[in-house]
1. In region B:168-180, which residue that is farther than 20 Å from residue B:233 by Cα and surrounded by 23 or more Cβ atoms within 10 Å (Cβ to Cβ) is farthest from the other protein chains (Cβ to nearest Cβ)?
2. Restricted to region D:181-213, and to residues that are of a type in the set (A, V, I, L, M) and farther than 17 Å from residue D:231 by Cα, which residue is farthest from the other protein chains (Cβ to nearest Cβ)?
3. Which of the numbered conditions does residue D:172 fail, given that it passes all the others? Conditions: (1) in a strand (DSSP E or B); (2) outside the structural domain of residue D:237 (by TED's automatic domain parsing).
4. Exactly one of these conditions fails for residue B:137: (1) away from chain A (no Cβ under 14 Å); (2) at pLDDT 95 or above. Give me its number.
5. For region C:100-115, which residues satisfy the criterion of being assigned to a helix (DSSP H, G or I) and touching a helix residue (DSSP H, G or I) at 6+ places or on another chain (Cβ under 6 Å)?
6. If you take the residues of region C:226-244 that are part of a loop (DSSP other than H, G, I, E, B) and modelled with pLDDT of 95 or more, which of them is surrounded by the fewest Cβ atoms within 10 Å (Cβ to Cβ)?
7. Quick check on my filter: what residues within region D:204-217 are over 14 Å from residue A:212 (Cα atoms) and free of Cβ contacts under 8 Å to residues at least 60 places away in the same chain?
8. Taking the options D:75, D:85, D:132, name whichever one is assigned to a helix (DSSP H, G or I) and over 30 Å from residue C:151 (Cβ atoms).
Protein chains: 4
Amino acid sequence: MNDISRRNAMGSIALGVAAAAAPGAAVAATPTTGGSPMTSPAPAFAGGHAVKPLGFDPTKLTGLSEKLIRSHWENNYQGSLKALNMIEGRLAAAMSDKDLPPVVYGGLKREELHRTGSVILHELYFEQFGGNGQAAGSIRDALVASHGSFEAWEAEFRRTAMALAGGSGWAILAWNQYTRSLHNYWAWDHTNGPVTGVPLLVLDMYEHAFHMDYGTAAAKYVDAFMHNLDWAVVDARYRSASRT
Amino acid sequence: MNDISRRNAMGSIALGVAAAAAPGAAVAATPTTGGSPMTSPAPAFAGGHAVKPLGFDPTKLTGLSEKLIRSHWENNYQGSLKALNMIEGRLAAAMSDKDLPPVVYGGLKREELHRTGSVILHELYFEQFGGNGQAAGSIRDALVASHGSFEAWEAEFRRTAMALAGGSGWAILAWNQYTRSLHNYWAWDHTNGPVTGVPLLVLDMYEHAFHMDYGTAAAKYVDAFMHNLDWAVVDARYRSASRT
Amino acid sequence: MNDISRRNAMGSIALGVAAAAAPGAAVAATPTTGGSPMTSPAPAFAGGHAVKPLGFDPTKLTGLSEKLIRSHWENNYQGSLKALNMIEGRLAAAMSDKDLPPVVYGGLKREELHRTGSVILHELYFEQFGGNGQAAGSIRDALVASHGSFEAWEAEFRRTAMALAGGSGWAILAWNQYTRSLHNYWAWDHTNGPVTGVPLLVLDMYEHAFHMDYGTAAAKYVDAFMHNLDWAVVDARYRSASRT
Amino acid sequence: MNDISRRNAMGSIALGVAAAAAPGAAVAATPTTGGSPMTSPAPAFAGGHAVKPLGFDPTKLTGLSEKLIRSHWENNYQGSLKALNMIEGRLAAAMSDKDLPPVVYGGLKREELHRTGSVILHELYFEQFGGNGQAAGSIRDALVASHGSFEAWEAEFRRTAMALAGGSGWAILAWNQYTRSLHNYWAWDHTNGPVTGVPLLVLDMYEHAFHMDYGTAAAKYVDAFMHNLDWAVVDARYRSASRT
């Protein structure tokens, strides 16, 4: 969902969304070369999110099967991406209905937040794999400083994750831009998020992330997750986020 | 809660928090000049958040009484700030208990997320007041581009807010750093947040934000809120967030 | 919302709801005296909830103003009742749309749960007032047995309530029909509820229940709430629930 | 968790819980035959919930593997039961700490609600299996009356369930004792519940209920669930609930 793929994607699905969206307040005029003006949803509701490919070889992870990774990426991640595109079209249509009760609109907005969180967190999740699990670089030093030791940070990250076992949610290591500090945040589902937090390392604790391989043995999944991490990705996120 | 006030505050409350925190994994050694080493909680659990003063004259807003603003700032905001400091001390102590069940720890982590959201959102909220309500600058242009028109943006922001009337939550205009786009997000309570979203304009829809002045007439409160906005603050946040 | 008032109300609003509901799977045929068959929503979506009047004199409570009680009853309770009736109509209409994505339907179902909880809890809440606050009868004996002493029960009920101060939610004393035991349950908002629990005493901790009279002084509101309770109502609920 | 097994269980684990609970307000005196009085937690915090055995042969279901059912029953259900017993002991201990901040107590109360919901819903879930999936009896007639047709009821029940696919939650057919009506309720997690609703048919949509057999194909799981239902159980629950 980088800027280029997003722009490309918007071309391909704009018509479908325009069909769902009635003309109205949330629809921006688009220049045309003649005849009646075409309308398309405003960018906030354009729904043009495109699938981001896996950046690693899913047959090569240790302790996470290709079947699990592919199911997670194809069904859960892409399912959320399709839902987000659909919801954005519904929002545009709903804004053209002047009489829609706000509480009904709120149901759509909740799903927008839910799917926005799911899409972005899943893209960050898959991007982290393909490494040897060895933490290094400035992020390692920063975690020693923020949590007392790397082991203390890891113990808290794992305990936060295990608090979610058997249900849903994410453990999120984030750089909080506002307090300029590092924290592990607990998220019960895709709608939770640390305000002003930039996610650096995200651990999916929804059961779809591990049940196929590990059943209910969530701690073993967390081991496998940590083992396959590419900390260079986490370090790059940290350096980018903390610089500003 | 800027860096300087935070450092000052940490001096004044560190002893109290250290007393609550048993020595252990989450406690960093602090250099001392002799005798047995002192310990203090690691920065992630230091709890030294300090009160940020109001930056405007609360007797001068239109349609929002001094009594309401002072109650909101003194009780709700500062109550959350004290709770966050307390919870961070509890987290440090809890991490030194090796046998604490993760689900019990999760209860504390939820409250950390809850109070972190409350403190930061409230500081951003109060910082916005003192203006004439006229949107201008690059943020206005950006909202026209993202939502079709400024009126279309405002209609969606207000409807998102009204979906929360009678309960709790926030309407949050955010710059999403990851998708590089502007959205109004719905938040049911302080734990909800748009992942990778930088809040630009935050509208508190908890009943404590308006009930004293408006009873259940939430729409009139939203009018007053919009009327007193200093859009230069919102514009500065947008320019800072979108530059990176 | 007893059976009789409900039946009366259904007559008066059925047309409005029928207009919103497209004919389809969720619509039951109603016998007519001739011509084309009329349809009306099935009872599950009929929306005919009617306002239950206050059973006490709102000018006579101690420490809870008539203005607060009337605002609470007219705006918050009746607002939820209207929303529930509206949502049930929307559900009927949505079930006739075969292509509606389930996640969109889920937004309506969440609101149905939300408003069902709000309507029923508010009716139970107002029904409790008008007494002298003295607990007596079999419920008092049962609380002594379940919690060690009446004071121990009350301390836990109050602490559960105060955990919600500054936000939303309910403290609910319930008879759990399944475990056949008494518990104080914590509810974060109208969607939370103890499964198989019959609510006996419900304490509204939404800020609309007290802010107008007490600002953020939630503990004083809880004092006033307890002071005006008619425990005969609570006792009757307990005897009815525990008998079965 | 019937009355008899509960009483038996209380004998076996009381000591463990008593050790966790400091003497105090939430602890009831227990008669002893001599020496200093023994204390044990009050019944509300006694934690003596005992495992309810499966009432059907898990090797005999169609489309739900023995491995899945056993994992669900042993790990998810029993894990919640152990957590509930643990949390009740923690609540007793916490009530003896006069200085515990209510928001910290609230974290434990949330988990009590969460695990109470999980334990009861899981017991109701497993109790439903072992039939041929054919709805009959008074519950079938009642669903025809409430939803227009059995097919209309089933379509709404399935759509409510599918709204939760990919995450967590329950679809709950309940008899609402207060409104005396039948509804399918949406529950996002174990903490949601229809107030005054008696659950008649509960469909677990947590991914642990199906991922091992069906991956993300939630609709196929719902098919299998419906296929194995013993509607006599549902009918008995309905007759019992609606009689009172």
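1. Checking each candidate, the answer is B:169.
2. Among those residues, the one meeting the criterion is D:205.
3. (2)
4. (2)
5. If we filter region C:100-115 for residues that are assigned to a helix (DSSP H, G or I), which is where we start, we get C:102-115.
Those that are assigned to a helix (DSSP H, G or I) and touching a helix residue (DSSP H, G or I) at 6+ places or on another chain (Cβ under 6 Å): C:102, C:103, C:105, C:107, C:108, C:109, C:111, C:112, C:115.
6. C:230
7. In the first step, residues of region D:204-217 are kept if they are over 14 Å from residue A:212 (Cα atoms); the result is D:204-205.
Matches in region D:204-217: D:205 only.
8. Being assigned to a helix (DSSP H, G or I) and over 30 Å from residue C:151 (Cβ atoms) holds for just one of D:75, D:85, D:132, which is D:75.
The values are calculated or read from the model by the stated rules, or taken from the named source; none is laboratory data. What you see is a predicted model; the values in this text were computed from it and never measured. A quick note on method: Cβ atoms are made from the backbone with ideal geometry, for glycine too, and the neighbour counts reach across all protein chains shown.
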